[in-house]
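One structure below.
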Amino acid sequence: MRYLILLFVFLTLQSKAQDKIFLFSYFTDNGQDGLHLAYSKDGLKWEILNGGKSLVAPTIGNDKLMRDPFIIHGKDGVFHMVWTSSWKDRQIGYASSKDLIKWSEQKAIPVMALEPTAKNCWAPEMVYDPQNKNYIIFWATTIPGRQAEVPTSESEKGYNHRIYCTTTADFQNFSQTKLFFNPEFSVIDATILPKD
């Protein structure tokens, strides 16, 4: 049985009539066919876009996946998307679009390139930081032996995730990756809500 997996945060858009429209980015199956979108005017009833077909096919990553797609409408008026590109890569995917229809060439952001034992980079999201005028991109990674083992490590098949981050103002240059959230438990699928 196929499961439709809906993972990511609503993106609020302004239509020409100034009504709020909620956009939901998601993937199906294992994420091999790419980006799916749905929209809603009230957050309760959803309409699938593009007849349920993928809008963007993944082209990067060892597994060529587009899992956990997260889209933010940037301060530059451009839609920026990050996603999980593989089960075991040390990178995340990135693409941008001005209209959610035509997308830039996909690129890999090697966020854990300096951590050769990192097992993965999963479920990236981002938020704009108005104080520093940049984006904080954050995701879950397991680095064996880096954190104390937790009771769920065995049931999670050896994964012991923490949230790491990088920042960028232009999606070309990125700060050095650092540990962002380090609780005493494995954590994945983090979200930050803006204060306003």
- request: Return the total of residues in region 92-106 being farther than 15 Å from SER25 by Cα and either open to solvent by less than 40 Å² (accessible area, probe 1.4 Å) or acidic (Asp, Glu) (or both).
  value: 3
field: Members of region 123-150 that are in a loop (DSSP other than H, G, I, E, B), closer than 17 Å to ALA113 by Cα and in contact with a Phe, Trp or Tyr (Cβ under 6 Å, 6 or more places away or on another chain)
entry: THR142
- request: Would you list the strands (runs of 3 or more DSSP E) that sit entirely within region 1-105 and hold 1 or more residues that are modelled with pLDDT of 95 or more?
  value: 20-28, 36-40, 67-73, 79-84, 92-97
message: Just to be sure I understand, how many residues within region 115-132 are among the polar types (S, T, N, Q), in contact with a strand residue (DSSP E or B) (Cβ under 9 Å, 6 or more places away or on another chain) and open to solvent by 10 Å² or more (accessible area, probe 1.4 Å)?
response: 1
message: So in region 138-184, with the set limited to residues that are free of Cβ contacts under 8 Å to residues at least 24 places away in the same chain and of a type in the set (Asp, Glu), which one is nearest to TYR94 (Cα to Cα)?
response: ASP170
message: It is to be established whether one or more residues within region 141-162 are open to solvent by less than 80 Å² (accessible area, probe 1.4 Å) and within 26 Å of SER97 (Cα to Cα).
response: no
task: For TYR135, indicate whether it is closer than 25 Å to THR59 by Cα and either in contact (Cβ under 8 Å) with a residue 24 or more places away in the chain or open to solvent by 10 Å² or more (accessible area, probe 1.4 Å) (or both).
output: yes
message: For the condition part of a loop (DSSP other than H, G, I, E, B), touching a strand residue (DSSP E or B) at 6+ places or on another chain (Cβ under 7 Å), at pLDDT 95 or above and aliphatic (A, V, I, L, M), what is the one hit in VAL111, VAL187?
response: VAL111
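The values are calculated or read from the model by the stated rules, or taken from the named source; none is laboratory data. Everything numeric here is computed off the predicted structure, so don't read it as measured data. In this analysis, Cβ positions are derived from the backbone assuming ideal geometry, glycine residues included, and neighbour counts consider all displayed protein chains. Calculation scope for accessible area: heavy atoms of the full protein, side chains included, ligands and nucleic acids excluded. Shrake-Rupley method; radii C 1.70, N 1.55, O 1.52, S 1.80 Å.
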